[in-house]
Amino acid sequence: MAGAFAGWWAKMSPYYTKAYQEMWVGVGVMTFLYYKVSYGGKKAAVDSSAHAAKSAPSHTAKPAASAAPKAAGAAAAATATSLAVAAGDITMSDILQRQHKNLVLEERKLYLEIEKLELEKAKLKSMK
């Protein structure tokens, strides 16, 4: 089996290591995004709820429910969510904005290259 793989890799390695180098960046980004969408935050949420259930003593009386603690809990959850985003979570909007900026920069580079070539063309015409 190793010989078959070695033969295949000998033929295909130029395509995967040279011709399609930029593809691997996209594969890595998509894998990371899939992980974040599928599993991001679930483990922490499960761990914290399990910890809260274990640490709460079962023999104590529970206080009466009121609207104030619920509102405070909602505010704390909103703050925790904003802190999680500020801590480095990447959103699809962030990725799209970065891609747009990169495309704009590439477009500018191409226009500059076109201007450079047109100047060279005019220079060559004037030399004739």
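Brief remarks on what is shown
- The modelled label-to-label distance for the pair ASP89/PHE32, using points 7 Å beyond Cα in the direction of Cβ, is 1.6 nm.
- Spatial separation of Cα centroids for the range 13-27 and the range 103-117, in angstrom: 25 Å
- If you sort MET127, MET92, MET12, MET23 by accessible surface, 1.4 Å probe, largest first, the order is MET127, MET92, MET23, MET12.
- Rounded to the nearest Hz, the phi-derived 3J(HN,Hα) couplings of the range 112-123 under the Karplus curve 6.51 cos²θ - 1.76 cosθ + 1.60 (θ = phi - 60°) are 5, 5, 5, 4, 4, 5, 5, 5, 5, 5, 5, 5, where x marks glycine and proline.
The values are calculated or read from the model by the stated rules, or taken from the named source; none is laboratory data. What you are looking at is a predicted structure, and each value in this text was computed from that prediction instead of being measured. Virtual Cβ from ideal backbone geometry, glycine too; neighbours counted across all protein chains shown. Each accessible area value is taken on the protein alone, full model and side chains, heavy atoms only, with ligands, DNA and RNA left out. Shrake-Rupley method; radii C 1.70, N 1.55, O 1.52, S 1.80 Å.
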